[in-house]
Ligand SMILES: [Zn+2]
């Protein structure tokens with residue numbers, strides 16, 4: 001492919017300013033979404049290398065996991081919240097792929113996440129996905145898959161019943177609310193496979209637990225979990 005001359009790039013920049021999606025700084029190369037300053041200040045957890053991190057602990061006694069991880073701390077009013085908001089509500093899929101790639105790069109550097117056969121995004125309810133046009137977990141999974149070079153197994157798990165909104169409920173109620181709402185559509189494919197389940201934000205882990213439990217009913221299935229962000233509750 002012919003490289004764009006720097007003159008042409010400058011001209012394009014003049015007409016289509018390419019800004020940092022966080023601070024608005026416009027001195028970015030075309031292939032970057034955030035500037036170096038904002039990149040350095042992303043609230044990374046560094047959890048991928050820790051075998052008893054906060055995410056592993058969320059699932060102690062609840063799910064038998066090989067490894068668990070969240071890439072960023074989620075805090076209100078901070079950059080990561082605005083990036084995830086752009087992904088979920090402003091149709092900005094690029095930001096989801098980008099953040100997924102960053103997480104995939106972290107996971108790649110760690111032995112705990114070796115030998116994964118499939119990346120599986122937590123499915124949304126069909127009606128909700130149709131309304132939004134996409135499932136944000138699919139988009140993040142795409143980025144993770146790019147970085148790790150592992151296939152995404154989409155549409156193999158289905159979310160099968162509608163539940164009311166999960167906010168303002170305690171952990172037990174939430175759990176009852178989402179229990180058994182997932183169904184494997186192709187069990188044969190997951191037999192004796194290692195699956196990395198992906199979601200956007202983890203809070204209590206109720207949805208991931210329900211989905212993970214369904215996957216672990218498959219004979220020989222090995223489960224790991226990674227979410228983009230961790231919201232401390
Ligand atoms: Zn910036």
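Remarks
- Of 25, 56, 199, the sequence from fewest to most neighbouring Cβ atoms within 10 angstrom is 25, 56, 199.
- Of the residues 144, 95, 233, the one with the fewest other Cβ atoms within 10 Å heads the list, and the complete ranking is 233, 95, 144.
- When both the range 104-136 and the range 28-97 are represented by their alpha-carbon centers, they are found 13 Å apart.
- All-pairs Cα distance distribution in the range 42-230, expressed in whole percent, bin size 5 Å: 1, 8, 17, 22, 23, 18, 9, 2, 0
- Counted by neighbouring Cβ atoms within 10 Å, the residues 227, 181 run from fewest to most as 181, 227.
- Using a Förster distance of 22 Å, the FRET efficiency for residue 19-residue 132 (Cβ separation, nearest 0.05): 0.30
Each value in this text was obtained by applying a stated rule to the coordinates, not by laboratory testing. Small disclaimer: the values here were computed from a predicted structure and weren't measured. Cβ: placed from backbone, ideal geometry, glycine included. Neighbour counts: every protein chain shown.
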